[in-house]
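What follows is a short report on a single structure.
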Amino acid sequence: MGLISFIKSAGAKLFGKKEEEKTVAAAPAPVLSQAELDAQKALLLESEVRNNGLNIQDLYVEVSDDVAIIHGKAENVSDKEKAVLVCGNVEGIAHVDDRITLPEDERSVPQAESQYYTVQKGDTLSGISKHFYGTGSKYMVIFEANKPMLSDPDKIYVGQVLRIPPLS
């Protein structure tokens, strides 16, 4: 799939200052190098992929500044695409370099790839459905394609990148 772009300032706030907030009176935290910060971000992204129940074997994520490089073996195209979205829909990540492989049987069957759509101000899943499928009634197809990252069809945010699967 290659390099997929996201909006760096939008998304889940995984890389917050949680520890600083907890220890107001504690000694100053040691200053970490950029490489150490990137390694911490990579571990958080790996954890987020696993927490979303995606089956990616040998999952390994690298982060270099605002680029996440995701490696592993997905059982299917859906999990592969969702893993990319999980990593990219995080504040601070602008691009995801998808290096996830698929089993031979998944690669040999021609499949239409999903499209990606960045949510704009005023968007709804039914409006996005109407744009891509010609009818707003297919919004649940988009919702299901983005679970478990989406918990409710009404809870999308500006800058979020959604997976728009082809209709069967």
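The values are calculated or read from the model by the stated rules, or taken from the named source; none is laboratory data. No experiment lies behind these values; they were computed from the predicted model shown. So basically every Cβ, Gly included, is an ideal-geometry build from the backbone, and we count neighbours across all protein chains shown.
The table that follows gives values for the structure above.
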| read-out | value |
| --- | --- |
| Residue that is outside the structural domain of GLU46 (by TED's automatic domain parsing), over 21 Å from SER5 (Cα atoms) and loosely packed, with under 12 Cβ neighbours inside 10 Å, where the choices are SER151, SER126 | SER151 |
| Residue in the range 69-76 that is at pLDDT below 95 and charged (D, E, K, R) present | yes |
| Flag if LYS121 is assigned by TED's automatic domain parsing to the domain that holds GLU144, surrounded by fewer than 20 Cβ atoms within 10 Å (Cβ to Cβ), touching a Gly at 6+ places or on another chain (Cβ under 6 Å) and among the charged types (D, E, K, R) | no |
| Close pairs from the range 84-98: first in contact (Cβ under 8 Å) with a residue 12 or more places away in the chain, partner in a helix (DSSP H, G or I), Cβ under 6 Å, at least 6 apart | VAL86/GLU48; VAL86/VAL49; CYS87/LEU45; VAL96/VAL84; VAL96/CYS87; VAL96/GLY88; ASP98/VAL84 |
| Matching residues, the range 33-81, being assigned to a helix (DSSP H, G or I), within 15 Å of PHE15 (Cα to Cα) and not aliphatic (A, V, I, L, M) | GLN34, GLU36, ASP38, GLN40, LYS41, GLU46, SER47, GLU48 |
| Condition broken by ARG50, with the remaining ones in (1) more than 21 Å from TYR117 (Cβ to Cβ); (2) in contact with a helix residue (DSSP H, G or I) (Cβ under 9 Å, 6 or more places away or on another chain); (3) among the charged types (D, E, K, R) satisfied | (2) |
| Single unsatisfied condition, TYR117 versus (1) touching a strand residue (DSSP E or B) at 6+ places or on another chain (Cβ under 8 Å); (2) hydroxyl-bearing (Ser, Thr, Tyr); (3) at pLDDT below 95 | (3) |
